[in-house]
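To start, the structure itself, in structure tokens.
The values are calculated or read from the model by the stated rules, or taken from the named source; none is laboratory data. Since the model is a prediction, treat every value here as computed from it, not as a measurement. Note that each Cβ is placed from the backbone with ideal geometry, even for glycine, and that neighbours are counted across all protein chains shown. The accessibility values were calculated without ligands, DNA or RNA, using every heavy atom of the protein model including side chains. Shrake-Rupley method; radii C 1.70, N 1.55, O 1.52, S 1.80 Å.
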Amino acid sequence: MIAYYKVNSQYTPAERFLAEKIIELVYYKTLDSHRVRLNNPKGILHEIKYVLRDWHANKIKHFDKTIRPVILETLQLLKNDTALVYGRVNKSYFHGLLGGCSDKNYLHLYHATNLVLEANKNYLERLFELIEAEINRINTIGSTPFDVSELFVLNTLVDYLGTELINYGFSKGFLYAELTHLFSDATANHFQDAFNNFKLLGRGEQEDFIVIFRLNKIAGKTKNIDLKSKLELAKEEKEKYVLINNKSTEFFAKGEDDSYYLKINLKGWDYLSVIEKAKKELFSTMDILHLGFPDNPFDFYKKCLVIGSQRGPYANVLPVSYIPDGYYKNNQDLYDFLQEKITRLSEKREIQRESLQKIISAFRHLRLGRDADELEQKFINYWIGLEYIFSNYDINDNTITRLKEYFIHAHSIAYIKRNLTEYCQDIRRLKLSKAIPDFGFSLQFLTEVSTFDYILHNYSISHPLLSFRAYSYKKFITDKSEIERLISKHRSNLEWHLTRCYRIRNEIVHDAAIHLNIESITGNLKYYLTFILNGLISYLDDMPVDVNMNGFVSIEDYFLLQEIRYNSLHKSGFKLDQLIEETSATEIFG
């Protein structure tokens, strides 16, 4: 999502591109196609190490189904990468180990991966250096209009940097606030000054934080429960913290007679990132409380007090629950629309009752996921809703196989249109819609080469990220193979990621695993569930067809239609005009 922030107008195109791109990567409303990626070359090596270790420990049972996709994704990420350092391991040898890895021959890859990771301890610093060098290179090129094709290497490096900052332990919310301030048009900083401050992230020592949660006993006859916990806040500590600032005063003022305060000390890079870590201690205490006092239920205040050590101290009151990425509507119109749709579906006698029940069940799990306080519970509820939609007990196909196959078909059909629709929104947000010829949300103007030529000629300096995408999207028209290449890549990425989601689901369900780093994946699952609900509701209400001729219209008919439509579009060569006419990309929820 471009706009909603103004980058310093004195920057060169390369400098503006860095600022626009990195801010877009960490903004929570950004379309998933442009949001920070889960993995970069270093991150995927950590995942390779993790799955190979679990395979060796017999925790993973199927090498080809579970580990092979991670290997293939790693090979794709490393194919043209120049940022990773291999140290004492020969690069070609390492790639050969990846390509030749099997269920019997994997230990050499595991050991070599450890060595490569050891050689990349300063990967974040290296990315900053490579980005600075690339910007300096581009700045020496003098051309009017600016040649945005020079930005491809920088684009990749900034993608890697965004991922590395998140993997390093920074929260997206903190990064967005920090970066919009550093690179703001209202800030007088010269680019080099702003970039030097940016490079300071991750250097030095992590900050000491105190996170304070308030537990409330909401029922039960037992009075004055003694927590006997080392985490419980002492009275004299409360008296000290209440005086830090107005926010801390307000936090403690809202306490009740049956309130208990837990204080958790930990290190972190920012105020938001430490909350998720601290919650693990909170929930462990609540688990024991539940066992010891099953008739005295406890809840906790949905905000916590976070106190940092580097500003005096400074305290802030922040939400406890993590809010997954993505923009979702939140208004009366959406509620009325859904009520009308579900009522109409329930009255249609040709709609299979089981299909309607699956949709209603998915709504329930969306709500349960939203209301869950623990990330693992959010993840599991979104997964249950998604898996139930794709289940069919009358067919021998494995549910996970069906999920991958039919979801990927549906999303592949919508992929190009979703990205072009977001591009159209970017033009509107930048207030350029009146200047660009034939602008309109039918997207027809984006099927003309002249549109992209106009953007490249007029906005390559003032809006380099918009122009960079114009350069890429222009190929949809000039290169007949470009759309097929992108959709093929997207399908592979989706299959690998759904396999990853299923692996994490198994770890949570079977091994009671607690994952600290599933924020992005949980957001992905929520989006996947809302996306497929978009398609199902629209299909069953607006254009139901009994595709399999079994006497009623069902979810199965929708899946069969998506398969037939995808194969038909593929056979036709993925023509742009056909893709933007597809109704499957309509978003009810966002």
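Here are the numbers:
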| read-out | value |
| --- | --- |
| Helices (runs of 4 or more DSSP H) completely within the range 188-266 that count 3 or more residues being farther than 30 Å from GLN10 by Cα and open to solvent by less than 40 Å² (accessible area, probe 1.4 Å) | 246-253 |
| Residues of the range 126-171 that turn out to be assigned to a loop (DSSP other than H, G, I, E, B), in contact with a helix residue (DSSP H, G or I) (Cβ under 9 Å, 6 or more places away or on another chain) and polar (S, T, N, Q), as a count | 2 |
| Failed item, numbered, when LYS121 is tested on (1) open to solvent by 50 Å² or more (accessible area, probe 1.4 Å); (2) within 30 Å of THR30 (Cβ to Cβ); (3) touching a helix residue (DSSP H, G or I) at 6+ places or on another chain (Cβ under 7 Å); (4) assigned to a loop (DSSP other than H, G, I, E, B) | (3) |
| Yes/no for PRO437 being in contact with a helix residue (DSSP H, G or I) (Cβ under 7 Å, 6 or more places away or on another chain) and open to solvent by less than 10 Å² (accessible area, probe 1.4 Å) | no |
| Selection status of ARG429, out of contact with any strand residue (DSSP E or B) (no Cβ under 7 Å at 6 or more places or on another chain), open to solvent by 10 Å² or more (accessible area, probe 1.4 Å) and on the phi < 0 side of the Ramachandran plot | yes |
| Candidates SER143, SER184, filtered to the one that is free of Cβ contacts under 8 Å to residues at least 12 places away in the same chain and among the polar types (S, T, N, Q) | SER143 |
| Filtered residue count, the range 314-354, keeping only those that are under 20 Å from GLY551 (Cβ atoms) and of a type in the set (Ser, Thr, Tyr) | 1 |
| Pairs, first at positive phi and not assigned by the TED database to the domain that holds ASN265 in the range 219-240, second exposed (fewer than 12 other Cβ atoms within 10 Å of the Cβ) and hydrophobic (A, V, I, L, M, F, W, C), C-beta under 6 Å, six or more apart | none |
| Qualifying residue in the range 66-80 (condition: basic (Lys, Arg), surrounded by 14 or more Cβ atoms within 10 Å (Cβ to Cβ) and modelled with pLDDT of 95 or more) | yes |
| In the range 35-45, the residues that are in a helix (DSSP H, G or I) and open to solvent by 20 Å² or more (accessible area, probe 1.4 Å) | LYS42 |
| The range 46-61 - residue that is in contact with a Lys or Arg (Cβ under 9 Å, 6 or more places away or on another chain) and not in a helix (DSSP H, G or I) and, of those, most open to solvent (accessible area, probe 1.4 Å) | LYS59 |
| Pair list, Cβ < 7 Å and 6+ apart or interchain, from the range 451-466 residues that are open to solvent by 50 Å² or more (accessible area, probe 1.4 Å) to residues that are not in a helix (DSSP H, G or I) | TYR454/ILE436; TYR454/PRO437; HIS457/PRO145; ILE461/PRO145; ILE461/PHE146 |
| Neighbours by Cβ (under 6 Å, 6+ apart or cross-chain): first from the range 372-398, part of a loop (DSSP other than H, G, I, E, B); second of a type in the set (Gly, Ala, Ser) | ASP373/SER321 |
| ALA3 being of a type outside the set (Asp, Glu) and either at pLDDT 95 or above or in the same structural domain as THR66 (by the TED database) (or both) | no |
| Residue count, the range 524-562 (criterion: acidic (Asp, Glu), open to solvent by 20 Å² or more (accessible area, probe 1.4 Å) and assigned to a helix (DSSP H, G or I)) | 2 |
| Residue in the range 563-584 that is of a type outside the set (Val, Ile, Thr), open to solvent by less than 50 Å² (accessible area, probe 1.4 Å), at pLDDT below 95 and farther than 20 Å from LEU31 by Cβ present | no |
| Identity of the residue in the range 498-525, farther than 20 Å from LEU366 by Cα and under 15 Å from the mean Cα position of the chain (by Cα), that ends up modelled with the lowest pLDDT | LEU516 |
| The one condition in (1) part of a loop (DSSP other than H, G, I, E, B); (2) buried (at least 18 other Cβ atoms within 10 Å of the Cβ) that ILE22 fails to fulfil | (1) |
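Listed here are the residues, each with its yes/no results for (1) open to solvent by less than 30 Å² (accessible area, probe 1.4 Å); (2) touching a residue at least 24 places away in the same chain (Cβ under 8 Å).
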| residue | (1), (2) |
| --- | --- |
| TYR471 | no, yes |
| ASP479 | no, no |
| ARG485 | no, no |
| THR499 | yes, yes |
| ILE504 | yes, yes |
| HIS510 | no, no |
| THR522 | yes, yes |
